[in-house]
Amino acid sequence: MGKTLTYKILERHLVQGRLVSGESIGIRIDQTLTQDATGTTAFLLFESMGLGRVKTQKSVSYIDHNMSQFGPENHNDHLYLQTVAAKSGAYHSRAGNGICHQVHLERFGEPGKTLLGSDSHTPTGGGIGMLAIGAGGMDVAVAMGGGAFYLTAPKVIGVELVGSLRPWVASKDIILKLLSVLSTKGNVGCVVEYFGDGVKTLSVPQRATVTNMGAELGVTTSVFPSDETTRSFLEAQGRASAYQALSADPDAEYDRVIKIDLSKLEPMAACPSSPDNIKTVAELAGKKVNQVVVGSCTNSSYTDLMMVANTLKGRKLHPMVEFAIAPGSRQVLNMLAENGALADIIASGARILESGCGCCIGQGFSPADGTITVRTFNRNFAGRTGTKGDMAYLVSPETAVVTALRGEFVDPRECGIDYPTVEMPEHFLIDDSMIEQPLSEEESQKVEVMRGPTIVVPESPQDLCDTINGKVLLKCGDKITTDHIMPAGAFLKYRSNVPEYAKVVFNCFNEEDEPTFATRALALKSKGIAGVVVAGDSYGQGSSREHAALCPMYLGVRVVIAKTIERIHKANLINFAIVPIEFANPDDYDNIEAHDELEITSLLDSVKSSDNIKIVNKTQGCEIIGKLNLSKRDREILLSGGLLKYTRNNA
């Protein structure tokens, strides 16, 4: 039986375990990336491990998330990250150089390599043939120190692409179509691998759009083959030596195959407030729109923005629409400026935002109350725009720019404008002056790491005890995202100060005039009572931000009980010694309510060797059986009191 591309790359990097679907494996990591919303914690933990310099082939620290500097917090973090990268032997991409995933694709990505990033959209690298995986900062810190990354050997979903996209239909519509098939839940432990004759019709940026938003499927990652299109992209970036041809064997067998005929796709949109709430744009035609933005790591490439510029040339935006672009990198912005496209965009009435994550994470460009905002982003979770009760739709740049011109949803195929075909450049503008190269070991010893007063070393988890007496602090429903747990936007500036950031844990569930989740949790902690969170399906969707585990841990949360828990968040819970339990019988979700008192006995023995664990609900007078879906290493980490202690013990 032939091999999938996924398993070929895994085989080259396997350091522990057997490559058998469902088994725990450890793989060598070639490259890592961090960004400033997660990187401060990652580097603080890396320093705490005492491992010295990074030991990967390349580790890159990016500044792209918290660009607005209202108060000293963000700049404090930037200076810390710049100096700790110099001390640690990492590359550093300065503020203004661009979004980590876009820049990494342009300047560092290599087919066949493994990439671990402290950002859930790290799978963008799959567009260039990398096995690129998002993870929590603690896991990335271990990888920077030369440690393996552990995951479940995945099932591989093959997506066969045939045909080619028609005018005004975009690669964004491919992943929106796949989200309509697979949804955002139930895909843990899978990799999506693209193959078929349709692949060669897609450029690397188009492929990267698909793998980027593949993160919303809840899969481990997504990957395209590396072919002549990949070679051309790397040559245009001045990195031809990084190329290698990679593909699945012709007789590779997949766990499931989904066929998508590109020629039959039509423009689509993810409707509020989930990336899998899919409708065709034709179904939305006539809905009034007051705000449109093209950008984010999903759709901010040179070709995306050239298409926008060519469509806008000589035209004016609808007067009731505020429209903006956020170029994905300084390279893209400079090329648009040099060829006159930026002037065409500005002349239309558009606003130009920074080359960064900004409004994608709720930092600026929030929509007005009761209005529709149309975005080329990857997430539209409720409130993520920074406006409570927002109505955010996710679309392609093609749909976005036509919508901005008309002031309402219009199927772009019916807009009456000739589709502006954009060719990939033979040579991209190369200027790496804002990427600081790693210092030599001798030079790095002279660096003084700048630690502002708003940077606080995270508290270590408490060791597990054999009996947990706990109280349910919160019972929530399905598809709870890390944005629900830890709000982003303006609150992200506190990410380097856990005691401060923890004050807004589950902020969206706080009732007016009632004690906050944080207040109630700390009150229990002071009495030695463990906090418990109960949830439905797909708990922990979305961002890789480990603060969604780290801050609850600080507040005294020791157990999460849910119907299912998403991969990255579950790993983060384990890393910070919070026990992740899933209901053996999902109906038992109805047998626990908020404020119930729970007791778990023989916890250490259960974590050590059992697949089941007994939970006594003292309030309801019933017993519930939970499942511990843990690998041997997961169990060892929990029993060690978290990944940091585990790593120190095994160094």
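The values are calculated or read from the model by the stated rules, or taken from the named source; none is laboratory data. Being a predicted model, the structure only gives us computed values, none of them experimental. Ideal geometry is used to build each Cβ from the backbone, glycine not excepted, and the neighbour counts take in all protein chains shown.
Mind checking which pairs have a first residue in region 321-340 that is closer than 14 Å to His104 by Cα and a second that is in a strand (DSSP E or B) and at pLDDT 95 or above, Cβ under 9 Å, 6 or more apart or different chains?
Filtered contacts from region 321-340: Gly328/Gly98; Ser329/Gly98; Arg330/Gly98; Gln331/Gly98; Val332/Gly98.
Quick check, is Ala392 crowded, with 20+ Cβ neighbours inside 10 Å, outside the structural domain of Ile561 (by TED's automatic domain parsing), within 28 Å of Ala347 (Cβ to Cβ) and touching a His at 6+ places or on another chain (Cβ under 8 Å)?
no
In region 204-218, what residues are out of contact with any Gly (no Cβ under 6 Å at 6 or more places or on another chain) and either acidic (Asp, Glu) or closer than 18 Å to Lys8 by Cβ (or both)?
Glu216
Restricting to region 168-227, name every residue that is in a strand (DSSP E or B) and under 30 Å from Asn629 (Cα atoms). Outline the logic, then answer.
Step one: filter region 168-227 for residues in a strand (DSSP E or B), giving 190-195, 221-223, 226.
Residues satisfying the conditions are Cys190, Val191, Val192, Glu193, Tyr194, Thr221, Ser222, Val223.
With respect to Gln69, is the statement that it is under 19 Å from Pro453 (Cα atoms), of a type outside the set (A, V, I, L, M, F, W, C) and without any contact (Cβ under 8 Å) to a residue 40 or more places away in the chain true?
Here the answer is yes, as Gln69 does meet what is asked.
Out of the helices (runs of 4 or more DSSP H) lying entirely within region 291-349, which hold 1 or more residues that are among the hydroxyl-bearing types (Ser, Thr, Tyr)? Step through it out loud before you land on a result.
Working: elements: 302-312, 330-339, 341-347.
Result: 302-312.
Can you name the number of the only condition in (1) surrounded by fewer than 23 Cβ atoms within 10 Å (Cβ to Cβ); (2) farther than 18 Å from Glu566 by Cβ; (3) modelled with pLDDT of 90 or more; (4) touching a Phe, Trp or Tyr at 6+ places or on another chain (Cβ under 9 Å) that Phe491 fails?
(3)
Just the residues that are buried (at least 24 other Cβ atoms within 10 Å of the Cβ) and touching a helix residue (DSSP H, G or I) at 6+ places or on another chain (Cβ under 6 Å), please, taken from region 513-531.
Those that are buried (at least 24 other Cβ atoms within 10 Å of the Cβ) and touching a helix residue (DSSP H, G or I) at 6+ places or on another chain (Cβ under 6 Å): Ala521, Gly531.
Please find, among Glu73, Glu23, the residue that is over 19 Å from Thr122 (Cα atoms), in contact with a strand residue (DSSP E or B) (Cβ under 8 Å, 6 or more places away or on another chain) and of a type in the set (Asp, Glu). It would help to see each step written out before you state the result.
On the way: Glu73 fails: in contact with a strand residue (DSSP E or B) (Cβ under 8 Å, 6 or more places away or on another chain).
Testing whether each residue is over 19 Å from Thr122 (Cα atoms), in contact with a strand residue (DSSP E or B) (Cβ under 8 Å, 6 or more places away or on another chain) and of a type in the set (Asp, Glu) leaves just Glu23.
Filter region 606-651 for residues that are small (Gly, Ala, Ser) and more than 20 Å from Ala143 (Cα to Cα); which is surrounded by the fewest Cβ atoms within 10 Å (Cβ to Cβ)?
Gly621
Any residue in region 50-70 that is over 21 Å from the mean Cα position of the chain (by Cα) and under 30 Å from Gly364 (Cβ atoms)?
Yes, region 50-70 contains a residue that is over 21 Å from the mean Cα position of the chain (by Cα) and under 30 Å from Gly364 (Cβ atoms).
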